[in-house]
Amino acid sequence: MGVIEQAAKDGKPLIDGDTVGRAVPDATMTRLFLKNTKMLVGVSTSHFGDIIIWKHVADLRRLEDMGRAFATVSGGGVGMATAYEWKDVKNALVPNSVTRSIDLGKKIRESKDNDTLDTILKETNGRVLFKGRVTEAKNDSKHGHLYGDYFLDGLGDYSGHKFRIWFKNENHVGWKDGNPCVSSPDTITLYDPAVKQGIWNWDKIPQDHDLYVLGIPCHPTWRTKRGLEVLGPSAFGFDFQYNPVESLTN
């Protein structure tokens, strides 16, 4: 988001795309990593005024580990920018993701309250996985990441059922009644209809009104064997089979 804001302020062109198709917690969870792309140079800064120039790193795994160590000892507040050959970036892009995000936001803002959820599902090919209220929220900052869980009790059609979401910065695994049912690489969003927005895991989680758990299909890259190794359940330490969100039944 910082790059988009800076480009707008400076009047600079912005590439309409990203290297994942969604948010991820690690530099290794990108198409740059899948294609073994070599970084040209990187720069990290902290709110203390520190500047680190990464002239050479063995691979993106090392960059991730060292960058997180810098963030941890700085108490957060660390930024990083990296440069690559354009041909490598072009080869790794998921195109038009910026435009899709802008268009989705515009349609949500223009929608009537009763139609907003249907608009989101239509535009993202997503589906409702659960409806309920958060009864408990846990989080803990470790090694430069925010980890945690949400626990929801079901309402309406989901009354009598429970749902749990586990996150590492972003939501990555969901369990219904104790059984894993959805996971990365698909996107799991906790949607708040009161403000027409998804829940950001660094915010205070509302526990006084209804929320929806939404599942949104990932880019096809991540459903390959190698893609699932990098961004599937096993990448987060979970031992169960990935099931595409479209195959799930309520």
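Separation of the range 11-47 and the range 168-237 by C-alpha centroid, Å?
After rounding, the separation between the Cα centres reads 21 Å.
Report the relative contact order of the range 1-143, percent, no decimals, based on alpha-carbon pairs under 8 angstrom and at least 6 residues apart.
Values: 134 pairs, mean separation 36.2, N = 143.
Reported as a whole number, the value is 25 percent.
So if I average 1/r over every pair of distinct C-alpha atoms in the range 1-60 and take the inverse, what Kirkwood radius in Å does that give?
On the way: mean 1/r = 0.0724 Å⁻¹.
Answer for the range 1-60: a Kirkwood hydrodynamic radius of 13.8 Å.
Answer rounded, prolate or oblate for the range 71-119, using the Cα gyration tensor with square roots of eigenvalues a ≥ b ≥ c: rounded when a/c is under 1.5, else prolate when a/b is larger than b/c, else oblate. Write down the numbers at each step before the final one.
Values: a/c = 4.60, a/b = 1.55, b/c = 2.96.
It comes out oblate by the Cα gyration axes.
Can you compute the modelled spin-label distance between ALA23 and GLN241, with each label point 7 Å from Cα toward Cβ, in nm?
Label at ALA23, label at GLN241, 3.1 nm between them.
Would the chain count as rounded, prolate or oblate if I go by the C-alpha gyration tensor, calling it rounded below 1.5 in a/c and otherwise prolate when a/b exceeds b/c, oblate otherwise?
On the way: a/c = 1.63, a/b = 1.52, b/c = 1.08.
It is prolate, given that a/c is not under 1.5 and a/b is the larger ratio.
Past the 22 Å Cα-Cα mark, which pairs from LYS138/LYS176; LYS122/LYS196; LYS35/LYS168; LYS168/LYS204; LYS112/LYS196?
Working: LYS138/LYS176 18 Å; LYS122/LYS196 15 Å; LYS35/LYS168 24 Å; LYS168/LYS204 16 Å; LYS112/LYS196 10 Å.
Table pairs above 22 Å Cα-Cα are LYS35/LYS168.
Kindly put ASP59, ASP88, ASP177 in sequence by how many other C-beta atoms sit within 10 Å of each C-beta, fewest to most.
On the way: ASP59 14, ASP88 17, ASP177 11.
Ranking ASP59, ASP88, ASP177 by Cβ neighbours within 10 Å, fewest first, gives ASP177, ASP59, ASP88.
Could you bin all the Cα-Cα distances of the range 109-247 into 10 Å bins starting at 0 and give me the percent of pairs in each, rounded to whole numbers?
The calculated distribution, bin by bin, is 12, 42, 37, 10, 0.
Quick note: the coordinates plus some simple rules give every number you see, no bench work behind them. From a predicted model like this one, the values you see are computed outputs, not experimental measurements. So basically every Cβ, Gly included, is an ideal-geometry build from the backbone, and we count neighbours across all protein chains shown.
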